[in-house]
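The values are calculated or read from the model by the stated rules, or taken from the named source; none is laboratory data. Here the structure is a predicted model, which means the values were calculated and not measured. A quick note on method: Cβ atoms are made from the backbone with ideal geometry, for glycine too, and the neighbour counts reach across all protein chains shown.
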Amino acid sequence: MITVLRVDDRLLHGQVAVSWVGFLKADVILIANDEVIRDATMQTAFRLACPPGVTLSMKSLDGAVNVINNPKHAPRRILVLTKTMNDAEYVISKTGEAVKTVLLGGLRSGDGKKQIDMNSYMSSGDIQIMNQLESRGLELYMQAVPSSKKLTSEEIRTVYNR
């Protein structure tokens with residue numbers, strides 16, 4: 001079972017490992033990213049950041065899709081991490097109704113992006129993907145850690161359009 005798909009450009013870091021894994025009671029962290037599978041340094045850093053007792057799986061986008069679609073993983077509580085909204089949309093489009101909730105987290109600033117929350121910025125393309133996913137019935141929200149304010153997709157759009 002997918003507990004949540006989190007979009008975070010840092011993928012696995014302290015906030016995710018300490019706060020979100022425990023809050024979601026995840027027993028698997030599935031990193032879905034085409035770059036990480038070719039970067040031994042990133043893999044080592046993510047292994048070190050993974051909490052004890054939690055299985056870490058680092059896969060390409062297609063590899064992550066295969067894991068999610070494999071019925072043998074259904075009893076697991078999987079936290080999926082993608083780096084971008086595009087990657088999230090790709091994984092979701094290939095996995096039927098496995099993903100029901102998308103948590104937007106640390107999305108760094110960049111050209112054409114507007115600040116939404118303290119550490120999260122979104123582009124018009126990100127907003128379009130959010131809207132598409134929401135129209136498919138997914139719940140989307142932005143939240144840094146479980147104890148911080150949760151912004152709904154409507155609040156995200158309001159801040160973006162200011």
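Annotation for region 41-50: at least one member residue is touching a residue at least 12 places away in the same chain (Cβ under 8 Å), more than 14 Å from the chain's Cα centre (by Cα) and buried (at least 21 other Cβ atoms within 10 Å of the Cβ).
Among (1) more than 26 Å from GLN43 (Cα to Cα); (2) surrounded by fewer than 18 Cβ atoms within 10 Å (Cβ to Cβ), which single condition is ASP62 missing? ASP62 satisfies every listed condition except (1). Taking the criterion of being hydrophobic (A, V, I, L, M, F, W, C) and in a helix (DSSP H, G or I), the residues of region 120-144 that qualify are ILE127, ILE129, MET130, LEU133.
Return yes or no: is GLY53 over 30 Å from ASN161 (Cα atoms), at pLDDT 95 or above, surrounded by fewer than 19 Cβ atoms within 10 Å (Cβ to Cβ) and under 16 Å from the mean Cα position of the chain (by Cα)? In short, no.
Is one or more of the residues making up region 12-19 in contact with a Leu (Cβ under 8 Å, 6 or more places away or on another chain) and either free of Cβ contacts under 8 Å to residues at least 60 places away in the same chain or over 19 Å from SER148 (Cα atoms) (or both)? No; the residues of region 12-19 include none that is in contact with a Leu (Cβ under 8 Å, 6 or more places away or on another chain) and either free of Cβ contacts under 8 Å to residues at least 60 places away in the same chain or over 19 Å from SER148 (Cα atoms) (or both).
In region 121-139, is there at least one residue being within 27 Å of GLY14 (Cα to Cα) and loosely packed, with under 13 Cβ neighbours inside 10 Å? No, the conditions are met nowhere in region 121-139.
For (1) touching a Cys at 6+ places or on another chain (Cβ under 9 Å); (2) more than 16 Å from ASP8 (Cα to Cα); (3) hydroxyl-bearing (Ser, Thr, Tyr), each residue gets a yes or a no:
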residue	(1), (2), (3)
GLY53	no, yes, no
ASP62	no, yes, no
ASN66	no, yes, no
LEU79	no, no, no
THR84	no, no, yes
GLU89	no, no, no
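Assessment of region 97-107 against the conditions (over 26 Å from ASN131 (Cβ atoms) and surrounded by fewer than 14 Cβ atoms within 10 Å (Cβ to Cβ)) yields no matching residue.
Where helices (runs of 4 or more DSSP H) sit wholly within region 1-119, those with at least 1 residues that are touching a helix residue (DSSP H, G or I) at 6+ places or on another chain (Cβ under 8 Å) occupy 40-49, 61-69, 85-93. Taking region 67-85 as the range and being over 12 Å from MET1 (Cβ atoms), surrounded by 14 or more Cβ atoms within 10 Å (Cβ to Cβ) and not hydroxyl-bearing (Ser, Thr, Tyr) as the test, the residues that pass are VAL67, LEU81, LYS83, MET85. Cβ-Cβ contacts under 6 Å between residues 6 or more apart (or on different chains), taken from a first residue in region 85-113 that is within 12 Å of ILE68 (Cα to Cα) to a second residue that is surrounded by fewer than 18 Cβ atoms within 10 Å (Cβ to Cβ) and of a type in the set (S, T, N, Q), are listed as THR95/ASN69.
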